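See structure below.
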Amino acid sequence: MLKQSRFLAITAATLALSIGTANFASAATPDAPPPGGPGMMMDGHGGPGGPGMHRGHGMEMRMKKELDKLHSQLNLNADQEKLWQSALQTMKQNHEAMRASHQQMRSQMESMKNQPILDLNAMYAAHQKIEAQNAQLRDQTSAAWLNFYNALNDQQKTTVSSALKARFAKMHERQEKMHQRWEHHRGAPAAGASAVQP
């Protein structure tokens with residue numbers, strides 16, 4: 001129950017950025033699409049660029065468009081606008097820091113995996129260190145958006161809530177489509193195998 005409440009608070013505070021999706025965030029991590037997370041630096045072969053980067057860029061553009069639209073609807077006063085800009089800047093800085101840390105982790109893993117005997121303890125420790133740093137950055141971003149959200153009046157919070165509900169509906173629709181595709185692919189080999197049988 002506590003985890004669910006924390007997820008809802010973070011999601012609301014991040015104004016549909018979906019870092020709980022994480023995420024998402026993970027929504028936000030650079031290596032996997034969120035929920036705000038984009039797989040933007042890796043292609044299907046683990047190299048820079050490629051389809052993953054285009055998907056991540058597209059998601060960032062949609063996110064920016066949604067935030068701009070929401071911002072225009074809220075009619076913020078001067079104090080609220082400062083909190084909005086502060087949250088936005090915090091989010092951008094932390095996103096860049098997370099992207100850099102993931103790049104660092106990829107480089108570390110690349111060097112470690114070339115060893116004759118893998119040092120799994122070192123690999124795990126490096127991964128845990130990055131995850132702890134990113135968790136702290138996500139908390140900072142959430143706190144900044146919560147400060148902004150708490151400064152809104154009820155009408156503004158209703159506007160934010162409507163935007164979030166629309167985002168939740170889209171997320172649910174995408175999850176359903178992904179689940180249906182997964183079920184279809186999982187059932188395809190079985191169907192093919194049965195067709196071969198006499």
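Percent of C-alpha pairs per 10 Å bin in the stretch 59-198, short distances first: 9, 23, 23, 23, 14, 6, 1, 0. Computed from the C-beta positions of residue 81 and residue 170 and an R0 of 30 Å, the FRET efficiency is 0.65 to the nearest 0.05.
Using a simple charge model, +1 on the beta-carbon of Lys and Arg, -1 on the beta-carbon of Asp and Glu, nothing else, what dipole does the stretch 65-198 show about its Cα centre, in debye to the nearest 20?
Working: 17 positive and 13 negative charges, 63 e Å.
Charge dipole of the stretch 65-198: 300 debye, to the nearest 20.
Spin-label pair residue 129-residue 103: with each label point 7 Å from Cα along the Cα-Cβ axis, the two points sit 1.9 nm from one another. Under 12 Å between alpha carbons, and skipping anything fewer than 8 positions from residue 157 in its own chain: which aspartates and glutamates qualify? Cα-Cα hits under 12 Å: none found.
Bear in mind that the values in this text are calculations on the coordinates, not laboratory data. Here the structure is a predicted model, which means the values were calculated and not measured. We place every Cβ from the backbone using ideal geometry, glycine too, and count neighbours over all the protein chains shown.
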